[in-house]
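Beneath this line is the structure, given in structure tokens, with notes to follow.
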Amino acid sequence: MQKLMLAASLLALAGATPAFAGPVSDAQQAAIMADLDARAAATQDTALAIWRHAELGYLERESSALLQAELREAGFTVEAGVAGMPTAFIASFRTGAGPIIGILAEFDALPGLSQAASPEVGAAEGMANGHGCGHNLFGAASVSAAIATKNWMVANGIQGEVRLYGAPAEEGGSGKVFMVRSGLTADVSAMIHWHPDDRNSAAQDTALANISGKFRFTGVAAHAAGAPDRARSALDGVEALNMMVNMMREHVPQDSRLHYVITDGGRAPNVVPATAEVYYYVRHPNQRVVREIFDRVRAAADGAAMGTGTSVVFNQVGGTFDLLPNDTLGHVMDRNLRRVGAPVWGDAERAFIERITPSFGENADIPSPEIETYASGRINYGSTDVGDVSYTTPTVGLRIATWAPGTAAHSWQAVAASGSSIGVRGAETAAKVMALTAAELMQSPDVLAAAREELQRRQGPGFTYRSLLGDNPPALTYRLPAGR
């Protein structure tokens with residue numbers, strides 16, 4: 001009966017704000033926000049420096065070093081190269097026994113999205129990659145939030161620890177999964193993250209579980225006209241696999257997503273390719289279904305190799321859980337978002353929005369710039385390695401408008417905004433919401449206990465964490481060209 005009453009009370013949290021709240025006075029909240037206002041120039045400089053670096057997953061040397069240096073200067077103890085990843089790090093500030101509040105930071109860019117910080121499409125000189133998901137803003141704001149939380153702890157004699165996780169390679173590399181598997185998040189009381197977006201919301205959405213990897217076919221090269229009978233085309237193997245997967249789309253659950261790009265298709269039409277490679281993502285809201293579909297893709301790859309007289313090797317790159325909502329923490333985040341308010345746009349930001357909006361097309365979804373009503377459990381059709389964190393640690397997320405309303409992620413418009421003042425304004429807002437939330441949770445043992453109970457309920461009976469990556473080590477070269 002007690003368990004049923006507890007479950008009922010936790011379910012009620014999804015529709016009503018909890019009565020308990022941490023003793024962070026109005027004066028302390030104002031001091032935290034003033035601290036972050038004073039740090040606004042530093043947040044901007046860091047965000048734009050990482051935007052210019054535009055480093056790919058597991059290659060974010062300059063970006064990671066910049067964030068680490070900023071945290072060391074602020075008095076954090078920094079451990080670099082954690083979980084076997086050279087650009088991963090953990091930064092900690094501890095005053096004594098108490099809650100451990102974690103904050104996630106990301107800083108990897110996307111390949112092939114070079115774009116100037118302009119509302120007109122155009123590549124940025126000297127930049128092959130781009131921050132089309134705004135992770136330059138993500139990392140900078142998270143670091144500023146951690147520093148502001150640390151300053152509040154010192155000023156008010158708060159016992160506990162604020163811990164920032166510098167997590168590389170979110171875009172496909174699953175960096176946080178390796179942190180979770182290494183036990184680096186096991187003792188965290190609550191984990192906070194945020195993400196750039198075109199809207200403002202503390203809704204606790206779900207995400208799609210994801211398995212990704214590369215199928216590399218090997219055949220026999222020969223002159224494509226003079227001796228084709230002596231060749232076995234590795235590219236034929238890739239194309240046969242892609243054909244079978246495209247037929248499979250009709251016969252998988254409706255919410256599945258299957259994507260691929262050919263990362264190596266040969267070098268010259270008159271040479272039958274001896275090697276070829278295709279990079280696959282398979283997604284679905286249910287981890288079990290993802291495993292089943294990917295097993296079918298792997299079987300298709302074996303069939304493609306058999307049918308084309310080639311051989312195939314599979315190298316897994318990523319594997320992430322879906323995202324597990326936590327409404328206990330979500331209501332705390334939502335309350336602090338409303339306390340801070342949506343980003344304030346000046347003339348420069350409004351002019352940027354006015355000029356870039358026509359590029360979205362007539363049918364674009366243009367959300368309101370106001371804070372959205374709290375919601376829980378909606379499906380977000382992206383994937384994130386925060387999912388693995390959320391299944392093992394009470395986790396709460398936030399989305400802040402850093403792009404013009406209507407911007408699609410992974411687009412040139414998102415790159416442009418992430419390197420502009422509209423992106424920086426959103427990052428400053430996110431830092432304030434995260435710092436206020438961290439401070440409140442640091443002082444709210446009842447909230448942390450309820451969040452842990454909710455996590456266990458959502459995990460389900462007998463839950464044991466088992467990564468979708470299996471026993472694979474980090475694929476640190478997954479962004480390098482095929483064969484390197």
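The values are calculated or read from the model by the stated rules, or taken from the named source; none is laboratory data. Since we're looking at a predicted model, the values are computed, not measured. In this analysis, Cβ positions are derived from the backbone assuming ideal geometry, glycine residues included, and neighbour counts consider all displayed protein chains.
Here are the numbers:
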item: Long-range neighbours under 7 Å by Cβ, at least six apart or interchain, first residue crowded, with 19+ Cβ neighbours inside 10 Å within the stretch 35-49, second of a type in the set (Ser, Thr, Tyr) and in a helix (DSSP H, G or I); result: LEU36/SER144; ARG39/SER144; THR43/SER144
item: Check on ARG216, modelled with pLDDT of 95 or more, touching a His at 6+ places or on another chain (Cβ under 9 Å) and more than 30 Å from PRO445 (Cα to Cα); result: no
item: Inter-residue pairs, beta-carbon under 9 Å, first touching a residue at least 12 places away in the same chain (Cβ under 8 Å) and in the stretch 307-319, second surrounded by fewer than 18 Cβ atoms within 10 Å (Cβ to Cβ) and assigned to a strand (DSSP E or B), 6+ apart; result: GLY309/VAL220; THR310/THR218; THR310/VAL220; SER311/THR218; VAL312/THR218; VAL313/THR218
item: Test: residue in the stretch 177-185 that is within 30 Å of the chain's Cα centre (by Cα), assigned to a strand (DSSP E or B), within 30 Å of SER63 (Cβ to Cβ) and of a type in the set (Lys, Arg); result: no
item: GLY132 being on the phi > 0 side of the Ramachandran plot, of a type outside the set (S, T, N, Q) and assigned by TED's automatic domain parsing to the domain that holds HIS53; result: no
item: Residue identified as outside any strand (DSSP E or B) and closer than 26 Å to LEU323 by Cβ among ASP295, ASP236; result: ASP295
item: Lone qualifier among ALA69, ALA65 - being in the same structural domain as GLN44 (by TED's automatic domain parsing), more than 17 Å from ALA145 (Cα to Cα), modelled with pLDDT of 95 or more and part of a helix (DSSP H, G or I); result: ALA65
item: Every residue from the stretch 274-292 that is part of a helix (DSSP H, G or I), under 19 Å from the mean Cα position of the chain (by Cα) and surrounded by fewer than 24 Cβ atoms within 10 Å (Cβ to Cβ); result: GLN287
item: Residue that is nearest to ALA128 (Cα to Cα), among those in the stretch 462-484 that are among the small types (Gly, Ala, Ser) and surrounded by fewer than 13 Cβ atoms within 10 Å (Cβ to Cβ); result: GLY483
item: Test: residue in the stretch 408-427 that is in contact (Cβ under 8 Å) with a residue 60 or more places away in the chain, under 21 Å from THR328 (Cβ atoms) and either of a type in the set (Phe, Trp, Tyr) or surrounded by fewer than 24 Cβ atoms within 10 Å (Cβ to Cβ) (or both); result: no
item: Pair list, Cβ < 7 Å and 6+ apart or interchain, from the stretch 91-112 residues that are in contact (Cβ under 8 Å) with a residue 24 or more places away in the chain to residues that are surrounded by fewer than 16 Cβ atoms within 10 Å (Cβ to Cβ) and not β-branched (Val, Ile, Thr); result: PHE93/GLY75; THR95/GLN159; GLY96/GLN159; ALA97/GLN159; GLY98/GLN159; ILE100/ASP187; LEU110/HIS410
item: Residue within the stretch 353-364 that is of a type in the set (Asp, Glu) and surrounded by 16 or more Cβ atoms within 10 Å (Cβ to Cβ) present; result: no
item: Unmet requirement for TRP194, which otherwise passes all of (1) in the same structural domain as PRO394 (by TED's automatic domain parsing); (2) farther than 30 Å from ALA401 by Cβ; result: (2)
